[in-house]
Amino acid sequence: MIVTTSWYLVLGALLFIIGGVGLLVRRNPLIMLMCVELMLNGVNLSFVAFSKALGDIGGQTVVFFVLVVAAAEVVVGLGLIVAILRRAPGSTADDLSVLKG
Amino acid sequence: MEALLAFTRPPLDWHALAPELTLLAVGTILTLVDIIWDEKSKQVMPTLAGVGLLAGLVPILTLALDGTDRAMFGGAYMVDDFALVMKALFLIVGYIIVLMSVDYIRDGDYYENEYYTLMLTSLLGMLMMASSRDLISVFVALELLSIPAYMMAAWRKGGRRSNEAGLKYYLMGVFASAIMLYGMSLIYGLTGSTSFSSIASAMALNDGVTAMSILGVLFVLIGFAFKVSAVPFHNWAPDTYEGAPTPVTAFLAVASKAAGMVALIQLVFVAFDNHEVIQPFFWLIAALTMTVGNLIALRQTNIVRLLAYSGIAQGGFMLVPFAVAGQASERALQAIVIYLIIYAFMNLGAFSVVLAVSRKTRSGELESFGGLFQYAPGLAVAMTIFLAALAGIPPAGGWFAKFGLFRALLDAGGAWAATLGVVVAINTVIAFAYYARVLGQMWFQPIHEGDERPIKLTSALGSALVIALVATMAFGILPGLVGHFGEVAVLSTLGR
C-alpha cells in the first residue's frame, strides 16, 4: 500500500473538520481553544502535503508563519479565559450570555 | 551552516516602509515611557500616540508625491497609490479614535497605558494589510490587526460584559482565520503559489471550475466575511460592539471593517479575478447583510447596538459592488473605496456623539437621547447630520457613497444587478426608519429623566466631532474630493 499525497490531504481535511465541529459543539472554552489548534494543524498538514507534491518550498514557509501566529493567538485566548474563570470559576460558553438581542 | 551564512537580506525600501516603521517606533516608545515614568506617563500617552499617528502621514505624503510603485519581497509587499490612500485613511481614523478615547479611558479605573500600544499595533497590521499582495502577508497582517483588537474588546478586565465581548470576538475571529487558512491551502495546492499575481495567472490557465477552486475561494472569502461582519457570519458583532468599551467599538466598526474590505478588494479584483463563484457569493451575502442588519436594527433599544446593526447593514452596502466586480470592475472598485472613506467619518461622528451623551447620562439606551436638542442643541444637530449621512440624505456625505453603488450597478446592467439595486433601494428606506427613531427621540421627546444639565464636551472629544463633521459635510458638498481618491485607487489596482 503506497501512501500518496491525497492521504495526507484527506487526513488534513479530517482534522480540520473535527476541529471545526468540536468548536461549534463543545462548550468548555479550553476545549474550544484546543479545537482551533486542531483546525490549524489540519491546515498545516495540507500545506505541507501540497508543498511536497508541488516541489515548492513556499507551502512549508506558510506553516512557520501559522505556527508562530497560532502561538500568539493562544496566549491571548488563555489570557481571556483566565480573566473570565477568575471572576466566575467553572464558566462555560453558555454562561456567557449577558449580551443578546 | 554555509547555507545559513549565504543568506542575504532582501533589499528593503526604507522610504516605502516609513509609515509602518513610524508606528512601530512610537508603539515601542509608548511601552518604554510606560515602564520608565509609570505614573507621570499617563498624561503623555494619548498625546504621544496622536502625534505618532499624524507623523505617519508625513511619509505617506512624500510617497504620494513621489508617485512610483514600490514592490518588496518579490511583490508580496506593494506600496502603490491604492495602499497609500488606505493607509492614510487608517492613520486618520486611528487619530480620531485616540481623540475619542482620551477621556473615556482616563475616567475608567483601569490601567490605561497599554491601550494605546495595542491600538497602534492593530493599526500597524492595518497598514500592512493595505500593502499585502500575498497570501502569507495577508494572513500575518490580519492576525497583527486582530490579536490586539481581541484584547481591546476585553479591556475592562473585571467587567462581565467586556469579558464576554472579548471572548466571543476571539473565538469567532480564530475560527474565521482557520477557515480562511484552509481555503488558502487549497488555493496554494491548486496554483502552486501564494502571490496574488501568480495565483491570478494560474487560475486563468486552469480552465474549468473545479470543486477545489470553488472551495478554496469560498473559504478565503468567508474568512474575511467574518471580519467585515457580513450576515450570516455576523453573530459576534452586536454582542462584541455592545460589551466592548465604546471607543473600541468605534475602532472595530470602522477601522477593522475597513481592513477586511481592503483585503477583499485585493482578493476579488487581483487574485481571484473573475472566478465564477465570486459574483453569486457576494450577491447573496450583500443582499442578506443589508436586509438582516436593517431589520434587526429596527427593534433595537440600545443606541450602541443600533449602531452595531446599522454598521452591519452599511457593510452590506459596501459588499454590493463586489457582486458586479466582473462587468463593471472600475466603477465597482471606485464605489467601494469611496463608500469606505465616507463611512469611516460619518460612523466615527455618530459614535463621538454617543460617547459625549453617555458621559453625562451614563446610559446606552435610546431613551437617554430624549430631548437632547433642548439642552445640547449642538450635539443634536451634529447627530442629525451624521444620521442623515448614514441614511444617504444630501447634502451630508453619505449620498455620494450610495450614488456610487447605483452607478456601479447601472454600469453592470442585467437582471441580477437590477434586482440588487432594488434591494439596496428598499434597504435605504428601512434604514431611514430607525435613524428617524433616534432623530425623533432627540428632537421631539421629553428630556431623559428631566435632567437638563448641559453636556460638557471635552476638548479631545470635541475635536474628534469637528473633524468627522467637517469631513462628512465636505464629502457631501464637494464629492470630487473623495471621488479623486477612488479614481487613484482604481488606476493602481486594476492598472487600466
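The values are calculated or read from the model by the stated rules, or taken from the named source; none is laboratory data. All values reported here derive from a predicted model rather than from experimental measurement. Cβ: placed from backbone, ideal geometry, glycine included. Neighbour counts: every protein chain shown.
Just the residues that are of a type in the set (Val, Ile, Thr), in a helix (DSSP H, G or I) and surrounded by fewer than 21 Cβ atoms within 10 Å (Cβ to Cβ), please, taken from the stretch A:1-47. Result: A:5, A:10, A:17, A:18, A:21, A:25, A:31. Is there a residue in the stretch B:347-358 that is touching a residue at least 40 places away in the same chain (Cβ under 8 Å), polar (S, T, N, Q) and surrounded by fewer than 20 Cβ atoms within 10 Å (Cβ to Cβ)? The answer is yes; a qualifying residue exists.
If we keep just the residues of the stretch B:205-217 that are hydrophobic (A, V, I, L, M, F, W, C) and within 14 Å of another protein chain (Cβ to nearest Cβ), which is surrounded by the fewest Cβ atoms within 10 Å (Cβ to Cβ)? Please lay out each step first, then the result.
Applying the first criterion (hydrophobic (A, V, I, L, M, F, W, C)) to the stretch B:205-217 yields B:205, B:209, B:211-212, B:214-215, B:217.
Next cut, within 14 Å of another protein chain (Cβ to nearest Cβ) only: B:211-212, B:215.
On the way: B:211: 8, B:212: 14, B:215: 17.
Taking the candidates together, the pick is B:211.
Within the stretch B:287-309, take every residue that is more than 14 Å from every other protein chain (Cβ to nearest Cβ) and hydroxyl-bearing (Ser, Thr, Tyr) and give me the one that is surrounded by the fewest Cβ atoms within 10 Å (Cβ to Cβ). Once the filter is applied, the top-ranked residue is B:291. Residue B:134 meets each of the listed conditions (1) at the interface with chain A (Cβ under 9 Å from one of its Cβ atoms); (2) over 21 Å from residue B:25 (Cα atoms) apart from (1). Residue A:82 - would you say it is more than 8 Å from chain B (Cβ to nearest Cβ), surrounded by fewer than 19 Cβ atoms within 10 Å (Cβ to Cβ), modelled with pLDDT of 90 or more and within 28 Å of residue B:144 (Cβ to Cβ)? In short, no. Look through the stretch B:142-161, keep the residues that are buried (at least 24 other Cβ atoms within 10 Å of the Cβ) and among the small types (Gly, Ala, Ser), and return whichever of them is farthest from the chain's Cα centre (by Cα). Here the residue is B:154. Under the condition of being within 7 Å of another protein chain (Cβ to nearest Cβ) and either β-branched (Val, Ile, Thr) or closer than 25 Å to residue B:151 by Cβ (or both), the residues counted in the stretch B:169-204 number 7. From the list B:55, B:49, B:76, the lone residue that is within 30 Å of residue B:195 (Cα to Cα), within 25 Å of the chain's Cα centre (by Cα) and either surrounded by fewer than 14 Cβ atoms within 10 Å (Cβ to Cβ) or touching a residue at least 12 places away in the same chain (Cβ under 8 Å) (or both) is B:76. Can you say whether residue B:394 is in contact (Cβ under 8 Å) with a residue 40 or more places away in the chain, farther than 30 Å from residue B:105 by Cα and outside any helix (DSSP H, G or I), as far as the supplied structure shows? Yes.
Got a sec? Which helices (runs of 4 or more DSSP H) wholly within the stretch B:279-385 have at least 1 residues that are charged (D, E, K, R)?
On the way: elements: B:303-319, B:329-361, B:372-375.
Once the helices (runs of 4 or more DSSP H) in the stretch B:279-385 are filtered for at least 1 residues that are charged (D, E, K, R), what remains is B:303-319, B:329-361.
With B:89, B:63 as the choices, which residue is in contact with a His (Cβ under 9 Å, 6 or more places away or on another chain), at pLDDT 85 or above, of a type in the set (A, V, I, L, M, F, W, C) and buried (at least 19 other Cβ atoms within 10 Å of the Cβ)?
Numbers: B:89 fails: in contact with a His (Cβ under 9 Å, 6 or more places away or on another chain).
Going through B:89, B:63 in turn, just one is in contact with a His (Cβ under 9 Å, 6 or more places away or on another chain), at pLDDT 85 or above, of a type in the set (A, V, I, L, M, F, W, C) and buried (at least 19 other Cβ atoms within 10 Å of the Cβ): B:63.
No other residue among B:28, B:8 is loosely packed, with under 13 Cβ neighbours inside 10 Å and at pLDDT 90 or above apart from B:28.
Selection over the stretch A:48-77 of residues that are without any contact (Cβ under 8 Å) to a residue 12 or more places away in the chain and touching a Pro at 6+ places or on another chain (Cβ under 9 Å) gives a count of 1.
Listed by first and then second residue, the pairs linking a residue in the stretch B:174-197 that is among the polar types (S, T, N, Q) to a residue that is crowded, with 22+ Cβ neighbours inside 10 Å and not in a helix (DSSP H, G or I), with Cβ atoms under 6 Å apart and 6 or more places separating them unless they lie on different chains, are B:194/B:134; B:195/B:134.
Residues that are in contact (Cβ under 8 Å) with a residue 60 or more places away in the chain and farther than 16 Å from residue B:461 by Cα within the stretch B:364-378 comprise B:364, B:365, B:366, B:367, B:368, B:369, B:370, B:371, B:372, B:373, B:374, B:375, listed in sequence order.
Yes/no per residue for (1) more than 9 Å from every other protein chain (Cβ to nearest Cβ); (2) of a type in the set (S, T, N, Q); (3) part of a helix (DSSP H, G or I); (4) closer than 16 Å to residue B:181 by Cβ:
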position: B:122; (1), (2), (3), (4): yes, yes, yes, no
position: B:126; (1), (2), (3), (4): yes, no, yes, no
position: B:146; (1), (2), (3), (4): no, yes, yes, yes
position: B:156; (1), (2), (3), (4): yes, no, no, no
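Against the test of being within 22 Å of residue B:237 (Cβ to Cβ) and either in contact with a Leu (Cβ under 9 Å, 6 or more places away or on another chain) or at pLDDT 90 or above (or both), the options B:324, B:353 yield a single qualifying residue, B:353.
Say we look at the stretch B:115-157 and pick out the residues that are aliphatic (A, V, I, L, M) and touching a strand residue (DSSP E or B) at 6+ places or on another chain (Cβ under 7 Å); which of these is nearest to residue B:75 (Cα to Cα)? Talk me through it step by step, then tell me what you get.
Kept after step one, since they are aliphatic (A, V, I, L, M), are these residues of the stretch B:115-157: B:118-120, B:123-124, B:126-130, B:135-136, B:138, B:140-142, B:144-145, B:147, B:149, B:151-154.
Then drop every residue that is not touching a strand residue (DSSP E or B) at 6+ places or on another chain (Cβ under 7 Å), which leaves B:138, B:141.
Details: B:138: 13, B:141: 15 Å.
Among residues in the stretch B:115-157 that are aliphatic (A, V, I, L, M) and touching a strand residue (DSSP E or B) at 6+ places or on another chain (Cβ under 7 Å), the one nearest to residue B:75 (Cα to Cα) is B:138.
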